[in-house]
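Data block below; observations after.
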Amino acid sequence: GTGTLIGNTSGSDAPYVLTAQHLISSAEMAAEALFVFNYESAGCGEGLASNSKSISGAALLATTDQQIDFTLLRLFEKLPPAYRPYYAGWDSRNINPQSGVSIHHAFGGPQQIAIEYHPIESEDIGRGYEENSTWKVSHWEVGTTESGSSGAPLFNEQHRIVGTLTGGRSTCGYAKDDYFTKFSAAWDHYP
């Protein structure tokens with residue numbers, strides 16, 4: 001799965017990670033999780049990616065009862081400066097993004113990027129999820145997500161997280177129909 005280091009309103013370097021509930025749903029799972037940073041290749045398909053920058057374990061701060069799909073964690077350790085941490089911004093308003101980008105790790109591989117240049121619509125995913133709690137990417141123009149991308153962020157046109165990948169049908173051969181749990185739904189409805 002995929003997670004994102006996120007900023008906080010105090011501007012501190014507290015190591016919060018946002019991901020999907022279906023990846024980490026308990027304090028035990030969080031404590032045993034391994035978080036790898038800077039897992040990327042030098043260029044598209046170039047060389048091997050290093051997974052040497054990692055931190056073990058986190059505290060579970062917030063998650064859901066499976067009506068929406070998010071988990072918020074706090075890593076047990078702060079990130080060393082050598083990891084070059086980037087704390088992503090977020091937007092808790094329920095405003096339709098005019099475009100979107102997802103940075104993810106399909107099949108547990110090095111970082112990949114998917115881009116949607118068109119407006120993203122609010123749509124119900126069904127399957128017992130809370131109504132009006134997901135964004136739907138109808139078609140990726142560049143790249144795609146796949147298995148292992150769950151929990152990946154959806155960034156809006158202001159480069160802020162507005163959702164986390166819950167699921168969908170997107171693959172390399174079918175770059176359509178991905179659903180992201182709205183950050184606003186997690187923010188507004190879950191302590």
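So here's what we get for this one:
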quantity	calculated
Subset of region 155-168 (residues that are modelled with pLDDT of 95 or more and open to solvent by 20 Å² or more (accessible area, probe 1.4 Å))	Phe155, Glu157, Gln158, His159, Arg160
Strands (runs of 3 or more DSSP E) contained entirely in region 129-191, each with at least 3 residues that are in contact with a Leu (Cβ under 8 Å, 6 or more places away or on another chain) and among the β-branched types (Val, Ile, Thr)	161-168
Looking only at region 81-108, and only at residues there that are open to solvent by less than 50 Å² (accessible area, probe 1.4 Å) and hydroxyl-bearing (Ser, Thr, Tyr), the one that is nearest to Gly7 (Cα to Cα)	Ser92
Residue in region 86-99 that is outside any strand (DSSP E or B) and more than 22 Å from Phe180 (Cβ to Cβ) present	no
Test result for Ala152, closer than 16 Å to Val17 by Cβ and modelled with pLDDT of 95 or more	no
Region 125-143 - residue that is at negative phi and free of Cβ contacts under 8 Å to residues at least 40 places away in the same chain and, of those, least open to solvent (accessible area, probe 1.4 Å)	Trp140
Failed condition for Pro119, given (1) touching a residue at least 40 places away in the same chain (Cβ under 8 Å); (2) in a loop (DSSP other than H, G, I, E, B); (3) not basic (Lys, Arg)	(1)
Within region 63-80, considering residues that are outside any loop (DSSP other than H, G, I, E, B) and out of contact with any Gly (no Cβ under 9 Å at 6 or more places or on another chain), the one surrounded by the fewest Cβ atoms within 10 Å (Cβ to Cβ)	Arg74
Members of region 176-186 that are out of contact with any His (no Cβ under 6 Å at 6 or more places or on another chain) and of a type outside the set (Ser, Thr, Tyr)	Asp177, Asp178, Phe180, Lys182, Phe183, Ala185, Ala186
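The values are calculated or read from the model by the stated rules, or taken from the named source; none is laboratory data. Small disclaimer: the values here were computed from a predicted structure and weren't measured. Backbone-built Cβ (ideal geometry, glycine too); neighbour counts: all protein chains shown. Protein only, heavy atoms only, side chains kept; ligands, DNA and RNA dropped before computing areas. Shrake-Rupley method; radii C 1.70, N 1.55, O 1.52, S 1.80 Å.
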